[in-house]
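Here the structure is laid out as structure tokens; the discussion comes afterwards.
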Amino acid sequence: IALSAVAGQVAAGLCLAVVLTVFVGSHSGYSALVGAGIGILPSYYLALRMFRRQATTSAEKALRSIYLGEGIKVVFTVALFIIAMRLLDVDLLSVGGGYFATVVANWIAALKADLSESPRN
């Protein structure tokens, strides 16, 4: 489920970048790709961290690992925004749009995910 959410983020970011490139210009498309990357990379990191093979002895340790992973994801995201604004020639509105597209894709994936214990029909 987590990797399909990341795949949806990639698709949303690419679609927005193509649309902006065609209708606004290549600089906006490039900036949207940067923003999408800022959304995708931390999500991919968290997905890998959550599903690595690790023996947990208690629910408390598992929950602590999830919180730590989310904290690292937030710091990673902020660092990527800072790097993009300082080192890359990007349009901030397009970067924000690319990032927002990945967030919306993640929300949609979470809404569509079947997390119940019953088998799918």
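The values are calculated or read from the model by the stated rules, or taken from the named source; none is laboratory data. Quick caveat: nothing in here was measured; it's all calculated off a predicted structure. Methodologically, a virtual Cβ is constructed for each residue, glycine included, from the backbone with ideal geometry; neighbour enumeration extends over all protein chains shown. Side chains are part of the model used for accessible areas, which takes the heavy atoms of the whole protein and leaves out ligands, DNA and RNA. Shrake-Rupley method; radii C 1.70, N 1.55, O 1.52, S 1.80 Å.
Details
- Probe 1.4 Å, accessible area per residue of the chain, Å²: 67
- For the chain, the longest principal axis of the C-alpha atoms and the axis of helix 26-50 are separated by about 10°.
- Exposed trypsin sites (Lys or Arg not before Pro) absent - longest run of the chain, DSSP non-H/G/I/E/B, at most 10 other C-beta within 10 Å: 54-119
- Labels on offer are (1) 1.10; (2) 1.06; (3) 0.98, and the one holding Rg/Rh (Cα atoms, Kirkwood Rh) computed from this structure is (2).
- As a fraction of the 1.4 Å probe accessible area of the chain, surface on carbon and sulfur atoms comes out at 69 percent.
- Across the chain, C-alpha contacts under 8 Å between residues 6 or more apart give a mean separation that, scaled by the residue count, equals a relative contact order of 43 percent.
- Choice from 77, 102, 21 with maximal GNM fluctuation in the chain (Cα, 10 Å cutoff): 21
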